[in-house]
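Take a look at the structure set out below.
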Amino acid sequence: MTRGLPPSPSASRNAARPGATQNDFAKLTNLPPAPGILMEIWDVVGSENGSARKLAEILERDPALTAKLLRLANSAYFAVPRPISDVRSACVVLGFELVRSIAISVASFDALTRRVGRILDLQAFWSHSVAVGVCAKGLSTAAGLTPGSSAFCAGILHDVGKLVLATQSLEAYARVVERVERSAGTITDVRGIEREELGLDHEEAGLEIGRLWRFPPEILSAVGHHHEPWAEAGDSRWGALLAAADWMARRLGFESVPLLRSEVPPLLDARTHSRLLLSASALEETLLQLAPEVPQKVVRFCDSVRV
């Protein structure tokens, strides 16, 4: 049984933001096709016969991805008791779900970052994304959202729409970055600038690539609704989880745009708490627990998977 495509998000986004038209979405004409290995991973995950063995067989056909996975598995990030020499062993030691999530994240980023390094600080982007992933994984336990590996993956991919917009027009997204950096921290509506320059914001672009690349519902919710999760139709809590994780990462100093040092609000919007079903005190407690480990985990992860 193969995972089906989720419905197109365009109509719901157009309803949520009337300024976005079908013509705006039609501008996303150069979306890269999903990496073949990503489609194979989805098929294994959606199959009744999916297994660590089959996942390992797929991943091992991509030497570069395999090397990154093994480098990470043997890094201080996981501190495994014995060396891991192959992907199948990594699936056993680290878990099928976690290896799958890491592979999805790395494969997606590799496909989207080949052209954008000239205008985006990819080190800062990776660091912010991983920090959000680590916070989301830790926060998922307190919020009762499982599996934590999906939260980690959703966190890493939550800003994937920024990469999508940058691939559409390097010049236009360079203007976005320039305007944000020139603001010296006074601009908080980055999505508004994106809409002015490209007609869409990174949440909307993230939903489009997520549909094309067959992201599961929880990751679609994360990439498409992590700024105003309370506005999402239905009762999904994943957007709220990522809104909270993003807030936590920024509290810890991890911004995706290095020069953007806008003040991080001391509290999340009450509507996010309501959607997440987690109190402000519980969120602050989780932040205090994660704060000592997040910087080290970010460095270790980024060092292991860097291009």
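The values are calculated or read from the model by the stated rules, or taken from the named source; none is laboratory data. The model shown is predicted, which means the values in this text are computed figures rather than measured ones. Cβ coordinates were reconstructed from backbone atoms using ideal geometry, including for glycine residues, and neighbour counts include every protein chain displayed.
The table below gives the values:
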| quantity | calculated |
| --- | --- |
| Test: residue in segment 114-130 that is buried (at least 20 other Cβ atoms within 10 Å of the Cβ), among the aliphatic types (A, V, I, L, M), assigned to a helix (DSSP H, G or I) and in contact (Cβ under 8 Å) with a residue 24 or more places away in the chain | yes |
| Residues being of a type outside the set (Lys, Arg) and in contact with a Leu (Cβ under 8 Å, 6 or more places away or on another chain) - total across segment 93-110 | 11 |
| Test: residue in segment 196-211 that is over 19 Å from the mean Cα position of the chain (by Cα), surrounded by 16 or more Cβ atoms within 10 Å (Cβ to Cβ) and free of Cβ contacts under 8 Å to residues at least 60 places away in the same chain | yes |
| When residues of segment 233-266 are limited to those that are within 21 Å of Leu165 (Cβ to Cβ) and not in a loop (DSSP other than H, G, I, E, B), the one modelled with the lowest pLDDT | Arg250 |
| Matching residues in segment 68-85 - criterion: being surrounded by 12 or more Cβ atoms within 10 Å (Cβ to Cβ) and either free of Cβ contacts under 8 Å to residues at least 24 places away in the same chain or assigned to a helix (DSSP H, G or I) (or both) | Lys68, Leu69, Leu70, Arg71, Leu72, Ala73, Asn74, Phe78, Val80, Ile84 |
| Whichever residue in segment 142-186 is β-branched (Val, Ile, Thr) and in contact (Cβ under 8 Å) with a residue 40 or more places away in the chain and, among such residues, is surrounded by the most Cβ atoms within 10 Å (Cβ to Cβ) | Ile156 |
| Filter result (among the polar types (S, T, N, Q), farther than 20 Å from Val305 by Cα and assigned to a helix (DSSP H, G or I)) within segment 131-150 | Ser140, Thr141 |
| Hey, Trp230 in a helix (DSSP H, G or I), surrounded by fewer than 17 Cβ atoms within 10 Å (Cβ to Cβ), at pLDDT 90 or above and more than 13 Å from the chain's Cα centre (by Cα) or not | yes |
| Condition check for Arg3: out of contact with any strand residue (DSSP E or B) (no Cβ under 6 Å at 6 or more places or on another chain), at pLDDT below 65, farther than 26 Å from Gly199 by Cβ and among the basic types (Lys, Arg) | yes |
| Residue in segment 151-165 that is in a loop (DSSP other than H, G, I, E, B) and assigned by TED's automatic domain parsing to the domain that holds Asp201 present | yes |
| Contacts under 7 angstrom Cβ, first residue in segment 101-113 being more than 13 Å from Ala34 (Cβ to Cβ), partner in a helix (DSSP H, G or I) and not aliphatic (A, V, I, L, M), 6 or more apart | Ser101/Ser149; Ser101/Ser150; Ser101/Phe152; Ser101/Cys153; Ser105/Cys153; Val106/Lys68 |
| Search result, residues across segment 88-105 that are in a helix (DSSP H, G or I), out of contact with any Ser or Thr (no Cβ under 6 Å at 6 or more places or on another chain) and not polar (S, T, N, Q) | Arg88, Ala90, Cys91, Val92, Val93, Leu94, Phe96, Val99, Arg100, Ile102, Ala103, Ile104 |
| Meets criteria (closer than 14 Å to Phe152 by Cα and surrounded by fewer than 24 Cβ atoms within 10 Å (Cβ to Cβ)) for Glu218 | yes |
| Residue, nearest to Ala166 (Cα to Cα), within segment 97-113, restricted to residues that are of a type in the set (Val, Ile, Thr) and buried (at least 18 other Cβ atoms within 10 Å of the Cβ) | Val106 |
| Matching residues, segment 195-222, being outside any helix (DSSP H, G or I), on the phi < 0 side of the Ramachandran plot and not charged (D, E, K, R) | Leu200, Trp213, Phe215, Pro216 |
| Matching option when the condition is assigned by TED's automatic domain parsing to the domain that holds Glu228, among the aliphatic types (A, V, I, L, M), more than 19 Å from the chain's Cα centre (by Cα) and under 24 Å from Asp235 (Cα atoms), among Leu277, Leu288 | Leu277 |
